[in-house]
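*Asks:* Sharing a structure here in structure tokens format.
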Amino acid sequence: MKPSLALKTIDRIVVWILLALFLVFMVSGYMITRGFLNRYYGFLLHTRLDLPIMVFFVIHIAINVRYVLMRRGVADRKPLDVAVLIVGVALFAFIVYLDQFFGL
């Protein structure tokens, strides 16, 4: 399998996981505000899903930024891959920091 095809497949899987997590995130928010089912479990679920959602979102963004930059004419793939990887790791580290700093 080509690396390009593998990245597109990974991105499609990540998008479907992100969609499912976001839907559960929305339902848990509704559980908190409207008391649907149980507010405690809604709050617990809502606060636990923020990190996985952001991680999958960073993966999705990093893969697509790579393709956008390739379409814009960035020809050297290795520096491009390293730059996208550095940005992705930096965003992931920032998200983990925020989760730990503002975590409950």
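*Asks:* Would the range 30-37 turn up any residue that is surrounded by 14 or more Cβ atoms within 10 Å (Cβ to Cβ), part of a helix (DSSP H, G or I), at pLDDT 85 or above and among the aliphatic types (A, V, I, L, M)?
*Replies:* no
*Asks:* Could we say that residue 45 is assigned to a helix (DSSP H, G or I), crowded, with 16+ Cβ neighbours inside 10 Å and more than 12 Å from the chain's Cα centre (by Cα) here?
*Replies:* Numbers: assigned to a helix (DSSP H, G or I): yes; crowded, with 16+ Cβ neighbours inside 10 Å: yes; more than 12 Å from the chain's Cα centre (by Cα): yes.
Answer is yes for this residue.
Results for (1) at pLDDT below 85; (2) exposed (fewer than 15 other Cβ atoms within 10 Å of the Cβ), shown as yes or no for each residue.
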| position | (1), (2) |
| --- | --- |
| 3 | yes, yes |
| 7 | yes, no |
| 10 | no, yes |
| 16 | no, yes |
| 26 | no, yes |
| 50 | yes, no |
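*Asks:* Check the range 57-67 and report whether any residue there is out of contact with any Ser or Thr (no Cβ under 6 Å at 6 or more places or on another chain), among the polar types (S, T, N, Q) and not in a helix (DSSP H, G or I). Break it down stepwise before answering.
*Replies:* Pass one, the range 57-67, residues out of contact with any Ser or Thr (no Cβ under 6 Å at 6 or more places or on another chain): 57-67.
Then drop every residue that is not among the polar types (S, T, N, Q), which leaves 64.
Narrowing the set further to residues that are not in a helix (DSSP H, G or I) leaves none.
For the range 57-67, residues out of contact with any Ser or Thr (no Cβ under 6 Å at 6 or more places or on another chain), among the polar types (S, T, N, Q) and not in a helix (DSSP H, G or I): absent.
*Asks:* Spot the failing condition for residue 74; the list is (1) part of a helix (DSSP H, G or I); (2) surrounded by 12 or more Cβ atoms within 10 Å (Cβ to Cβ), and only one is missed.
*Replies:* Residue 74 satisfies every listed condition except (1).
The values are calculated or read from the model by the stated rules, or taken from the named source; none is laboratory data. The structure presented is a predicted model; accordingly, all values stated were derived computationally and were not measured. All Cβ positions, even for glycine, are placed from backbone atoms using ideal geometry, and neighbour counts span all protein chains on display.
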